Structures are given as structure tokens and as C-alpha cells.
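The values are calculated or read from the model by the stated rules, or taken from the named source; none is laboratory data. Predicted model, so just to flag it, every value in this text is computed and none were measured. Cβ sites come from the backbone with ideal geometry, for glycine too, and all protein chains shown count toward neighbours. Accessible surface areas use protein heavy atoms only, side chains included; no ligands, DNA or RNA. Shrake-Rupley method; radii C 1.70, N 1.55, O 1.52, S 1.80 Å.
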Amino acid sequence: MTTCPRCDSNETKVLCESPVKGCWIMYSCPVCTFTWRSTEPEAITNPEMYNPRFKVDPSDMGKYQIHPPIAQRRKS
């Protein structure tokens, strides 16, 4: 299991993998909506090295703006 670099959640999920097997894995955090690839530098992927100015406290998530849903595509 991978820990989210931004909020330290252990709920991360594999979002997708590269079409070329083993090139990269994309992760997503359902707690803070952060996404990252396994090929990012350690300053992005390692929670201990992630810039503290950009860390998010999961208990504060209710204070943040809700992401609007993506509109349905119009039929042409």
C-alpha cells in the first residue's frame, strides 16, 4: 500500500498503469484527491519529503470547496 504524500492517508488506490507494462503506475488519494505517478521525483512521492507548505490535514477537507461534477456531454 502507498501512503498519500499530501495528506498521509493510507487509502490510496491505483488509478491506472502505463500501457507499456512496468513503466509507471498512477495513484489517486480519495481523501484529498491528490494524484501522482510512480515516476515522479521523491520530493513528490515520499510523504516525508513532500513540501510541508502543501500538506493537507484530512480533518480540514470539509472546509475546502467542493469539486463540481463534470457536465454531461451534449448530444450533437
Quick one: grab Rg to one decimal and Dmax as a whole number for the chain, Cα atoms only, in Å.
14.8, 49
Carbon and sulfur atoms account, in whole percent of the 1.4 Å probe accessible area of the chain, for 54
What 222 nm value per residue comes from the helices of the chain, counting each DSSP H run with n ≥ 4 as -39,500 (n - 2.57) and dividing by all residues, nearest 500 deg cm²/dmol?
-500 deg cm²/dmol
At 1.4 Å probe size, with every protein chain present, just tell me what the per residue accessible area of the chain comes to in Å².
83
At a 4.7 angstrom Cβ threshold, list every cysteine in the chain that has nobody to pair with, or say none.
16, 23
Rounded to whole Hz and in sequence order, give me ³J(HN,Hα) for the stretch 68-76 from the Karplus expression 6.51 cos²θ - 1.76 cosθ + 1.60, θ = phi - 60°, writing x for Gly and Pro.
x, x, 6, 5, 5, 6, 6, 7, 9
Is the stretch 30-71 best put as rounded, prolate or oblate by its Cα gyration tensor, with a ≥ b ≥ c the root eigenvalues, rounded for a/c under 1.5, and otherwise prolate when a/b is larger than b/c, oblate when not?
oblate
Describe numerically, in nm with one decimal, the distance between label points set 7 Å from Cα along Cα→Cβ at residue 14 and at residue 42.
2.4
Under a 10 Å cutoff between Cα atoms, tell me which one of 19, 47, 30 has the largest fluctuation in the Gaussian network model of the chain.
19
With Cα springs under 10 Å, the Gaussian network model of the chain assigns the largest mean-square fluctuation among 44, 66, 25 to 66
Along the charge dipole of the chain, Cβ charges K/R +1 and D/E -1, which of 47, 3, 25 sits furthest on the positive end?
25
